[in-house]
Amino acid sequence: MALNGVTYLTYTNLVPVMMRHPLLLISLLIILVLICAAVYLQMTFLLRSMRHIQKQTQETYWMIFKETVRGLVALWPTTMLVGLLYFLLILPFGQVLFKSALLSKVTVPDFIIQDMWSSPKIWVPIILVYTSALVLSIRLITFLPETIAHPKAQLRTTLKRCWQATQHQAWRIFLKGFVLTTSVAIVGVGFRLILFASQRYYDQHLPHQALFLAILNLFILEIVSQILLALTVVLVLQIVLNQYGEVPAMATVVRQSKVKKRTNLTILRQIGTIGLIVIVAGGVTLYNYVYLEGMLDDQPALISHRGVDDGNGVQNTIPVLEKTA
């Protein structure tokens, strides 16, 4: 956009910009395809890795990645496009299955959601949209395993198989997902409350050690958060794999000689992994110290957009702007 001299892009100027800057349109389409491919690779790699861990196969992660790339290349473009729509449209509403850092920004802005719920006239359409998205996310829960097992299948066939695989089982899948997410959320909130209470005690009774204990608490919180995130992903993928059945195995043969030669490499890999963990832990600890000491703080700028805050007056008037400020 910067190279084409486009400062912003929205629905009001989308068509004129694309007509005047065709290279920008091509670039954005390429970016869209790359994001779509990256998300598919990420999710299918996770599914294949889950199967690898469950079955204790002799497949390396590099072999799994190459097989995933081959599946992506063999995939029909229409199937990939539907997969992207599945991630972009259904999952941000459903919040039941997959979450990806690549799509973390694809959300409905909070102020739009607040405005929607503030108008009772559109509550019914909103509920219908959310319900439809949730139902679709459940009924198409086997979409990724289907594309892995049958990458060359037509889109209509893939969707039909997904629909048949979840027939008369939507409620059971929903309850599994609900119990899973609720349980993990309760554990996470409980653990945070324990850390909060302990840190409050340290601040009041151990002021000289409070900073060190705060760094330790924050480090523990980050580790537990990552563990809970990984646990959620694993359990959700377990639901997907159980619903689908079995992701086809890769036809691999590992020779005994290769296994013997890998002993020293495995030791070096373990040492490297431990060293990497130590480096990351040290970096996180240092960042937590700098953060808690306030070295990263900046003076915030106060901006009152239209002066709106909890209905405290008429928009764009001086009294309401002063009151909000």
- prompt: So which of Val224, Val233 is at pLDDT below 90, closer than 30 Å to Ser49 by Cβ and either surrounded by 12 or more Cβ atoms within 10 Å (Cβ to Cβ) or touching a strand residue (DSSP E or B) at 6+ places or on another chain (Cβ under 8 Å) (or both)?
  reply: Val233
- prompt: For segment 1-21, what are the residues that are part of a loop (DSSP other than H, G, I, E, B) and surrounded by 11 or more Cβ atoms within 10 Å (Cβ to Cβ)?
  reply: Met1, Asn4, Val6, Leu9, Asn13, His21
- prompt: Since Ile186 meets every condition but one in (1) modelled with pLDDT of 90 or more; (2) open to solvent by less than 80 Å² (accessible area, probe 1.4 Å); (3) of a type in the set (Val, Ile, Thr); (4) under 24 Å from Ser137 (Cβ atoms), which condition does it not meet?
  reply: (2)
query: Exactly one of (1) open to solvent by less than 60 Å² (accessible area, probe 1.4 Å); (2) under 20 Å from Val233 (Cβ atoms); (3) not hydrophobic (A, V, I, L, M, F, W, C) is unmet by Lys176. Its number?
result: (1)
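Working carefully through the options Ile30, Ile35, find the one that is part of a helix (DSSP H, G or I) and without any contact (Cβ under 8 Å) to a residue 24 or more places away in the chain.
Ile30
Counting only residues that are without any contact (Cβ under 8 Å) to a residue 24 or more places away in the chain and open to solvent by 70 Å² or more (accessible area, probe 1.4 Å), give me the helices (runs of 4 or more DSSP H) lying completely in segment 112-165 with at least 3 of them.
The helices (runs of 4 or more DSSP H) meeting that bar are 123-139, 155-165.
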- line: Note: among Tyr202, Tyr244, just one is more than 25 Å from Ala133 (Cβ to Cβ) and surrounded by 13 or more Cβ atoms within 10 Å (Cβ to Cβ), namely Tyr202
message: Quick check on segment 281-300. Is at least one of its residues open to solvent by 100 Å² or more (accessible area, probe 1.4 Å) and over 26 Å from Asp203 (Cβ atoms)?
response: no
task: Go over the candidates Leu41, Leu24 one by one and state the one that is more than 21 Å from Val240 (Cα to Cα) and either at pLDDT 85 or above or outside any loop (DSSP other than H, G, I, E, B) (or both).
output: Leu24
- prompt: Taking segment 310-325, which residues are open to solvent by less than 90 Å² (accessible area, probe 1.4 Å) and in contact with a Ser or Thr (Cβ under 7 Å, 6 or more places away or on another chain)?
  reply: Asn312, Leu321, Thr324
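The values are calculated or read from the model by the stated rules, or taken from the named source; none is laboratory data. As the structure is a computational prediction, the values presented were derived from the model and not from experiment. Every residue, glycine among them, receives a Cβ derived from its backbone with ideal geometry; neighbour counts consider all protein chains shown. Note: accessible area is taken over every heavy atom of the protein model, side chains too, but ligands, DNA and RNA are not part of it. Shrake-Rupley method; radii C 1.70, N 1.55, O 1.52, S 1.80 Å.
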